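The values are calculated or read from the model by the stated rules, or taken from the named source; none is laboratory data. Predicted model, so just to flag it, every value in this text is computed and none were measured. Here the Cβ positions follow ideal geometry from the backbone for every residue, glycine too, while neighbour counts run over all protein chains shown.
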């Protein structure tokens with residue numbers, strides 16, 4: 001019963017908001033190039049459906065590529081950090097520098113270096129750059145938070161570093177890695193969109209470019225349709241990663257266990 | 001036969017503030033006979049756990065020597081906490097020492113299952129630790145140590161966090177398992193009752209810097225049970241051990 005309300009309340013509220021939006025736009029005769037009514041946005045979505053889907057696929061692919069690259073790189077670096085204090089001390093400050101430098105600021109450089117003919121790669125890199133740090137920092141913390149008694153026990157049985165890493169530290173770090181991935185996945189999308197804006201029109205084909213293009217042509221309803229798709233994409237990324245987290249942790253980790261009251 | 005001898009063992013831990021340091025152990029002497037059940041009894045912070053960690057090789061002494069009669073035997077270690085892998089099921093946990101030694105999966109599984117069965121955990125192989133009670137988790141921890149077939153079992157206050165009936169049941173099971181497999185056991189505890197019940201010999205440690213203040217041999221019957229808990233000889237043993245503990249403080 002509680003679950004029904006959890007879904008019903010936001011749904012009812014959303015429908016009410018959409019209806020009042022529709023009503024205000026019509027009652028006040030607001031021009032469609034200032035604020036399109038929901039019905040205009042749906043129409044724009046239908047009319048441009050194939051091209052919007054192409055853009056959606058482009059944005060999704062680039063984001064996922066960047067995110068996957070960032071995850072792999074961050075896990076490898078976190079493992080290096082956990083194996084050597086020296087490596088961590090030497091490299092961590094640069095990881096922080098990378099994080100605090102806004103992607104928009106590096107975007108033009110990256111575009112020049114990678115080249116406009118490989119724009120997708122440049123965009124992936126920027127999506128990855130922004131997703132990298134949260135995954136790195138949570139995974140590093142996770143690898144360090146492994147139960148030291150368990151590590152002692154493994155040492156007692158002459159476990160190698162690799163065995164300790166594989167059997168104790170990596171499983172302990174999994175909940176931390178997944179938290180980093182949830183944050184990283186969502187901001188990878190933000191990074192990708194920012195990078196698309198920075199790249200400007202012409203070569204990019206993603207949703208951000210559709211937003212630029214449609215506002216330039218004053219097709220504001222299409223802008224809203226692209227925006228809605230972007231929001232849905234972000235939600236889908238977060239929801240998939242949350243589902244992955246639940247699947248992997250539900251049997252053992254406190255965060256994923258539903259307690260009966 | 002003597003299994004191991006500690007001679008003049010000392011251990012100092014550096015402290016956080018400059019120049020300081022804590023003398024955890026000073027001049028610890030004792031020898032352990034094969035097949036004995038020896039308790040290390042003392043107040044909190046007297047260095048009992050440090051002695052175990054030195055024997056296990058997890059720490060090295062700053063002075064003195066630890067010498068083995070022959071090669072160092074197969075060791076088992078049971079910590080105060082069950083120290084299980086929360087993500088792995090009970091059998092995988094019990095199998096850990098064997099997996100680390102790269103034993104074939106089938107043999108490792110069989111040995112882990114047998115060890116779990118001995119500790120009354122048959123049927124729980126697939127459960128994960130959080131589904132078990134505190135006593136059962138400790139049983140898994142002991143089964144994991146036994147799966148490696150140790151000749152010397154080091155136990156660091158393993159039952160301190162358990163309720164009294166669970167603790168007594170585990171005491172009895174531990175005695176039975178130790179006798180069947182002819183395992184030498186060094187058992188750290190701060191309980192006079194527990195050490196008097198379990199041990200052939202109690203080493204009483206003093207406050208920091210820890211050293212052996214008393215060495216009490218107990219003449220125990222082979223069969224210890226509920227009747228023994230109520231017997232005058234058990235009361236005698238407790239009185240003797242308790243007095244030595246008071247004196248050492």
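Key figures
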| read-out | value |
| --- | --- |
| Residue list for the stretch B:203-230, restricted to those being surrounded by fewer than 17 Cβ atoms within 10 Å (Cβ to Cβ) and in a strand (DSSP E or B) | B:215, B:217 |
| Of all residues in the stretch B:37-59 being assigned to a loop (DSSP other than H, G, I, E, B) and touching a helix residue (DSSP H, G or I) at 6+ places or on another chain (Cβ under 7 Å), the one that is farthest from residue B:212 (Cα to Cα) | B:58 |
| Subset of the stretch B:67-113 [touching a strand residue (DSSP E or B) at 6+ places or on another chain (Cβ under 8 Å), more than 9 Å from chain A (Cβ to nearest Cβ) and buried (at least 18 other Cβ atoms within 10 Å of the Cβ)] | B:78 |
| Candidates A:155, A:251, A:210, filtered to the one that is surrounded by fewer than 21 Cβ atoms within 10 Å (Cβ to Cβ), in the same structural domain as residue A:103 (by TED's automatic domain parsing) and either in a loop (DSSP other than H, G, I, E, B) or in contact (Cβ under 8 Å) with a residue 24 or more places away in the chain (or both) | A:251 |
